[in-house]
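The values are calculated or read from the model by the stated rules, or taken from the named source; none is laboratory data. The structure presented is a predicted model; accordingly, all values stated were derived computationally and were not measured. Don't worry about glycine lacking a Cβ; one is built from the backbone with ideal geometry, like all the others, and counts go over all protein chains shown. To get the accessible areas, we keep the full protein, side chains included, count just its heavy atoms, and leave off ligands, DNA and RNA. Shrake-Rupley method; radii C 1.70, N 1.55, O 1.52, S 1.80 Å.
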Amino acid sequence: MKSLLIEPDRHPKDHPGQERSYTLGPLQAGPPCCDPQTLLSIKNLSLSYGSTPALKNVSLDIYQGCITALIGPSGCGKTSFLSALNRLTDMIPTCNVSGDIHFHGINIHDPKQDVLNLRRNIGMIFQKPLPFPVSIRRNIELPLREHGIDNPTESDAIVQQVLSDVGLWAEVKDRLNAPAQALSGGQQQRLCIARALALKPQVLLMDEPCSALDPISSAVVEDLIQRLRGRYTIVIVTHNLAQAKRIANYAGFFWVSDRAGCLIEFGQCKQIFESPQHELTAAYVNGSRG
Amino acid sequence: MLKNRLATLLIWLSVILISAVFVVLVLDLVRHGWAELSLAYLVDAPLDAGRGGGIGPIMVSTGLILALTISVAAPLSLATAVFLTEFSSKNSVFSGIIKRSLDVLASVPSIVFGLFGNAFFCVYLGLGFSILSGGLTLACMVLPILIRTFSEGLRAAPDEYRLAAAALGLNRAAALRHFLLPTATPALIAGLMLAIGRAIAETAALIFTSGYVDRMPDSLMDSGRALSIHIYDLSMNVAGGDSHANSAALILISLLFMINTLSSKLAYHWMHKRITCL
Ligand SMILES: Nc1ncnc2c1ncn2[C@@H]1O[C@H](COP(=O)(O)OP(=O)(O)OP(=O)(O)O)[C@@H](O)[C@H]1O
Ligand SMILES: [Mg+2]
């Protein structure tokens, strides 16, 4: 495995009690990564539900350590695209995926590929916060245990660490055994991010993670995503163009043509927003279409 | 306005009618059966074909048959329900066949189960008239109810949990164990209670399988008389057994009532526990 841009530095005792920040220094609107390296490469991805196509011929590269934003109108297949990346589409019996997706140069559809391991490495956050109906602690512990981390000391340390990473530790440290569903929506979403982070994924797929949240919670989550840059490779779908502009390094614009979604334009975030090559992109980011 | 009043009136009328049926039934049983009821009645052996004495051995036989029925039917049904909801696709031919057969099975009259149980368990497997035969026959009979309620309970667990669990790299079994079964527990309890209620009230399926013998059973291979059979026998075949039949029926109704209350309490408790803490 190639090294990440910034080595993950996960042990709590290295930084006792102090809030860590993982940014690559001061943030600018859509800075390109210093040295883009392809982590996920998608070639000619087509996807259909039964005989209805949802995506046609999508090809792009996802760069390691960067934030890639996907924008586009409703129904153009962004969620379907994300689900194809960690093979969550396998869960939908009618869904057919064709094309090549390589993760670290290995085809994810290779029969030898362990799907559970793939999903552990490529985590996903859904639009609606989906905490399990158990306690806050168990939400994080159960997936860990299923992946073989069942030593209580170790998992307690991880629980504390990921909850601090998402800025939730101070808020919930006294009620870890309270039901997760009693948390507010924004807290639930951060818990879901923490739960995904606990498995030390390399990629995080985020499907409109802020859209069910109020502006303040949304800002907190957005800030969190910023801080994950570099340590994690993030692909985020968002309908909030300003947000995409603020946080993304790369951006892709999806559009429906011939009743199937396709990728119209992909490039550095700044370029997509400031000098789009395609007229549809220009119209969309300037708010006159979609 | 008038329509609304009329609808309200009709609704109230039907509510009163339904409750009245229940109240009249219970009052009638109490009137005829209350005199014989006592603690001794519950534990004593019946005398003179049930005209005197109590229903001790009958309670024991009933309990054994029920325990056997549930311990055989519940695991089988849970496994089938899990297979149908979690491991087979909605429109697979195989699961379609299973569901269709279960629907047919659910509407088969219980006397047919009795004849089948007699032919298969008593004669073919050589278990004879025994609590074992009766319990197994009842197990076959409640399978459709259990599978139906269990699958419905599992299906009611939101699909999103399945997705979220899969996205964390959990396999289906783990998702089932940790999230889906706990979510479905109230429904599982309700299904169990429904099955117990159905089994405890069953007569026709037991006449030819567990038999009439009203002695205290020594083992599962002994014939044992269930409560409902006792009621049937006293009122149909024993002259002068009516008051005891009423007492036994009163006990049966009380049991059903208790099972019902217990099940809603349990289901509520679980639901509550899920929301407050686990
Ligand atoms: N499980 C499914 N079965 C059948 N069709 C589906 C399914 N999920 C999505 N689709 C269809 O695929 C197309 C793309 O859907 P998708 O959810 O990927 O869009 P999206 O870009 O995420 O939209 P939104 O921005 O509203 O979330 C839509 O036309 C949708 O109707
Ligand atoms: Mg979507």
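Considering chain A, what Rg and Dmax in Å follow from its alpha-carbon atoms?
For chain A, the Cα radius of gyration and maximum Cα-Cα distance read 18.7, 56 Å.
Would you list B:178, A:104, A:239 from the most to the least accessible area, probe 1.4 Å?
Numbers: B:178 25, A:104 55, A:239 85 Å².
From most accessible down to least: A:239, A:104, B:178.
Excluding ligands and nucleic acids, what accessible area in Å² is computed for residue B:271 using a 1.4 Å probe, to the nearest 10?
90
For the range A:140-244, what is the relative contact order in percent, using Cα pairs closer than 8 Å and at least 6 residues apart in sequence? Show your work: numbers first, answer last.
Working: 87 pairs, mean separation 27.6, N = 105.
That works out to 26 percent.
Suppose every Lys and Arg Cβ carries +1 and every Asp and Glu Cβ carries -1, with no other charges. What dipole size does the protein assembly as shown come out with about its Cα centre, to the nearest 20 debye?
Roughly 860 debye, rounded to the nearest 20.
For A:199, B:13, B:37, what's the largest-to-smallest order of accessible area, 1.4 Å probe?
I get B:13, B:37, A:199, largest accessible area first.
Using only alpha carbon pairs under 8 Å that are at least six residues apart, calculate the relative contact order of chain B and give it in whole percent.
On the way: 367 pairs, mean separation 74.3, N = 278.
Result for chain B is 27 percent.
Using alpha carbons only, how many angstrom separate the centre of the range A:89-141 from the centre of the range A:232-283?
Computed from Cα coordinates, the inter-centre distance equals 23 Å.
Rounded to the nearest 500, what is chain B's calculated 222 nm mean residue ellipticity when only DSSP H runs of at least 4 contribute -39500 (n - 2.57) each, over all residues? Before the final figure, lay out each step's value.
Working: 12 runs with 195 residues, N = 278.
Roughly -23500 deg cm²/dmol at 222 nm, from the helical runs in chain B.
So what are the ³J(HN,Hα) numbers for the range A:192-207, from phi and the Karplus equation (6.51, -1.76, 1.60; θ = phi - 60°), rounded to whole Hz, Gly and Pro as x?
Going residue by residue, I get 5, 5, 4, 4, 5, 5, 4, 8, 6, x, 9, 10, 10, 9, 10, 9 Hz, with x marking Gly and Pro.
Given the options B:55, B:97, B:65, state which has the largest fluctuation in a GNM of chain B using a 10 Å cut-off (strictly under) for Cα springs.
B:97
Just to confirm the filter: which chymotrypsin sites (Phe, Trp or Tyr not before Pro) across the range B:64-101 are DSSP coil and have at most 12 other Cβ within 10 angstrom of their Cβ? Don't jump to the answer; show the numbers that get you there.
Values: sites: B:83, B:87, B:94; in loops: none.
Listed in order of number, the matching sites amount to none.
Which of the residue pairs A:200/A:245; A:173/B:265; B:90/B:265; A:128/A:245 have a Cα-Cα distance greater than 29 Å in the structure shown? Walk me through the numbers on the way to the answer.
Values: A:200/A:245 27 Å; A:173/B:265 33 Å; B:90/B:265 33 Å; A:128/A:245 22 Å.
Listed pairs above 29 Å: A:173/B:265; B:90/B:265.
Roughly how many Å² is the accessible area per residue of chain B, as a whole number, for a 1.4 Å probe? Spell out each step's value before the answer.
Values: 14310 Å² over 278 residues.
In whole numbers, chain B has 51 Å² accessible per residue.
If you put +1 on each Lys and Arg Cβ and -1 on each Asp and Glu Cβ, how big is the dipole of the range B:38-277 around its Cα centre, in Debye rounded to 20?
Details: 15 positive and 13 negative charges, 188 e Å.
Result for the range B:38-277 is approximately 900 debye, rounded to the nearest 20.
Using alpha carbon centroids, what distance separates the range A:197-224 and the range B:73-130, in Å?
48
For the range A:122-167, report the convex hull volume of the alpha-carbon atoms normalised per residue, in Å³, without decimals.
Numbers: hull volume 4.2 nm³, N = 46.
About 92 Å³ per residue, rounded to a whole number.
Partner chain Cβ atoms within 10 Å, averaged over the residues of A:83-93 - can you pull that number for me?
Mean partner-chain Cβ count within 10 Å for A:83-93: 2.
Okay, helix-only estimate at 222 nm for chain A: each DSSP H run of n ≥ 4 adds -39500 (n - 2.57), divide by all residues, round to 500 deg cm²/dmol; what do you get? Could the numbers behind the result be given before it?
Numbers: 10 runs with 91 residues, N = 290.
Computed mean residue ellipticity for chain A: -9000 deg cm²/dmol.
So what are the three principal axis dimensions of the range A:44-88 from its Cα atoms, in whole Å, longest to shortest?
36, 22, 19 Å, listed from the longest principal axis down.
Could you state the orientation-averaged shadow area of the convex hull built on the Cα atoms of the range A:178-218, in nm² to one decimal? Working shown, then result.
Details: hull surface 13.3 nm².
Approximately 3.3 nm², given one-decimal rounding.
Around residue B:51, which amide H atoms from residues at least 5 apart in sequence, or from another chain, sit under 5 Å from its own amide H, with H modelled in the peptide plane?
none
Using the Karplus equation 6.51 cos²θ - 1.76 cosθ + 1.60 (θ = phi - 60°), what ³J(HN,Hα) coupling, rounded to whole Hz, does each residue of the range B:189-206 give in order, writing x for Gly and Pro?
4, 4, x, 4, 5, 4, 5, 4, x, 5, 6, 5, 8, 8, 10, 4, 6, 9
In whole Å and largest first, what semi-axes does the C-alpha gyration tensor of the range B:1-47 yield when each eigenvalue is scaled by 5 and square-rooted? If you can, show how the numbers build up before the last one.
Numbers: eigenvalues 361, 12, 8 Å².
Square roots of five times the eigenvalues give 42, 8, 6 Å.
Over the heavy atoms of residue B:25, what accessible area does a 1.4 Å probe trace out, to the nearest 10 Å²?
90
Sort A:141, B:160, B:152 from largest to smallest accessible area, using a 1.4 Å probe on the heavy atoms of the protein chains. Don't jump to the answer; show the numbers that get you there.
Numbers: A:141 35, B:160 70, B:152 105 Å².
Putting A:141, B:160, B:152 in descending order of accessible area: B:152, B:160, A:141.
Taking θ = phi - 60°, what integer Hz values does the Karplus form 6.51 cos²θ - 1.76 cosθ + 1.60 yield along the range B:44-52, in sequence order, with x for Gly and Pro?
6, 7, x, 10, 6, 6, x, 5, x
For the range B:38-277, what are Rg and Dmax over the alpha carbons, in angstrom?
Considering the range B:38-277 through its Cα atoms, Rg and Dmax are 20.4, 69 Å.
With a 1.4 Å probe, what is the total accessible area buried between chains B and A, in Å² rounded to the nearest 100?
On the way: alone 15450 and 13150 Å², together 26400 Å².
Summing both sides, the interface buries roughly 2200 Å².
I'd like the mean, over residues of B:168-177, of how many other protein chain beta carbons sit within 10 Å of each residue's own Cβ. Kindly include the intermediate steps, with their values, before the conclusion.
Numbers: counts 18, 17, 8, 3, 1, 1, 6, 3, 0, 2.
Per residue, the average neighbour count from other chains is 6.
So who's got an amide H within less than 5 Å of the one on residue A:254, skipping anything under 5 residues away but keeping other chains? H placed 1.01 Å off N, in plane.
A:71, A:72, A:264
Indicate the gyration tensor shape class of the protein assembly as shown (rounded, prolate or oblate), computed on the Cα atoms with a ≥ b ≥ c the square roots of the eigenvalues: a/c under 1.5 is rounded; otherwise a/b larger than b/c is prolate and the rest oblate. Let's see the in-between values first.
Numbers: a/c = 2.63, a/b = 2.53, b/c = 1.04.
Judged from the Cα gyration tensor, the protein assembly as shown comes out prolate (a/c at least 1.5, a/b above b/c).
Given a 1.4 angstrom probe, what's the average accessible area per residue across chain A, in square angstrom? Please report the intermediate quantities before stating the final value.
Working: 12080 Å² over 290 residues.
I get 42 Å² per residue for chain A.
Considering the dipole of the range B:38-277 built from charges on the beta carbon (Lys and Arg +1, Asp and Glu -1) around the Cα centre, which of B:74, B:119, B:235 is farthest to its positive end?
Comparing the listed Cα positions along the dipole, B:74 ranks first.
Working from the pairwise distances between different alpha carbons, so that the mean of 1/r is found and then inverted, what is the range A:53-125's Kirkwood radius in Å?
Details: mean 1/r = 0.0747 Å⁻¹.
About 13.4 Å for the range A:53-125.
Would you grab the residues whose amide H sits under 5 Å from the one on residue A:236? Only those 5+ places off in sequence or on another chain, please, with H modelled 1.01 Å from N.
Residues meeting the amide H criterion: A:68, A:69, A:70, A:206.
How large a share of the accessible area of chain B, in percent, is made up of carbon and sulfur atoms when the probe is 1.4 Å and the other protein chains stay in place? Mind dumping the intermediate values first?
Details: 10200 of 14310 Å².
Ligands and nucleic acids excluded, carbon and sulfur reach 71 percent.
Quick one, what does Rg over Rh come out to for the range A:169-290 if you take C-alpha atoms and the Kirkwood Rh? Mind showing how you got there, number by number?
Numbers: Rg = 16.8 Å, Rh = 16.2 Å.
On the Cα set of the range A:169-290, Rg over Rh gives 1.04.
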